[in-house]
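Trainee: Just dropping this structure here.
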Amino acid sequence: DEGLYIGSLPGKGVMVHSEPADLEHFYEIKTHTEKPLSYAYTQLGKPYDYAGILGWLFRRNWQDDKSWFCSELVAEAINKEYPGFFTESEWVTPGVIALAGRRIK
């Protein structure tokens, strides 16, 4: 729905949240099907991927589809429409998502 976002937030996990006051860090990625959004909805309620974030620090792949950090979830959802677009979603940073999208505000 307009004004609602799905994301994974520290301390909250994957959830639907209303439009934040600061849209500067949000990007819109246009897709041709509902596959990415449908996939993201199936992930609601999963916890934030703290181990995945630590994996970055130690250069280890601790990817686990039972939990997500923000850009990892977006990358995996996009892969549902464009398989292989992000070959390793666990290494996708917010900056990479920004390059693939359009700033909302």
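The values are calculated or read from the model by the stated rules, or taken from the named source; none is laboratory data. What you see is a predicted model; the values in this text were computed from it and never measured. Cβ placement follows ideal geometry from the backbone for every residue including glycine, while neighbour counts extend to all protein chains displayed. Please note that ligands, DNA and RNA were not included when accessible areas were found on the heavy atoms of the full protein model with its side chains. Shrake-Rupley method; radii C 1.70, N 1.55, O 1.52, S 1.80 Å.
Trainee: When only residues in region 11-22 that are open to solvent by less than 80 Å² (accessible area, probe 1.4 Å) and not small (G, A, S) count, which is modelled with the highest pLDDT?
Mentor: Among residues in region 11-22 that are open to solvent by less than 80 Å² (accessible area, probe 1.4 Å) and not small (G, A, S), the one modelled with the highest pLDDT is V14.
Trainee: With respect to L73, is the statement that it is at pLDDT 85 or above, touching a strand residue (DSSP E or B) at 6+ places or on another chain (Cβ under 8 Å) and assigned to a helix (DSSP H, G or I) true? Let's see the steps before the verdict.
Mentor: Numbers: at pLDDT 85 or above: yes; touching a strand residue (DSSP E or B) at 6+ places or on another chain (Cβ under 8 Å): yes; assigned to a helix (DSSP H, G or I): yes.
Considered against the rule, which asks whether it is at pLDDT 85 or above, touching a strand residue (DSSP E or B) at 6+ places or on another chain (Cβ under 8 Å) and assigned to a helix (DSSP H, G or I), L73 comes out as yes.
Trainee: While we're looking at this one, here's another question. Just the residues that are assigned to a loop (DSSP other than H, G, I, E, B), at pLDDT below 75 and more than 14 Å from C70 (Cβ to Cβ), please, taken from region 84-105.
Mentor: Looking only at region 84-105, we keep the residues that are assigned to a loop (DSSP other than H, G, I, E, B), and these are 84-88, 92-93, 101, 104-105.
Checking which are at pLDDT below 75 leaves us with 101, 104-105.
Passing the criteria: I104, K105.
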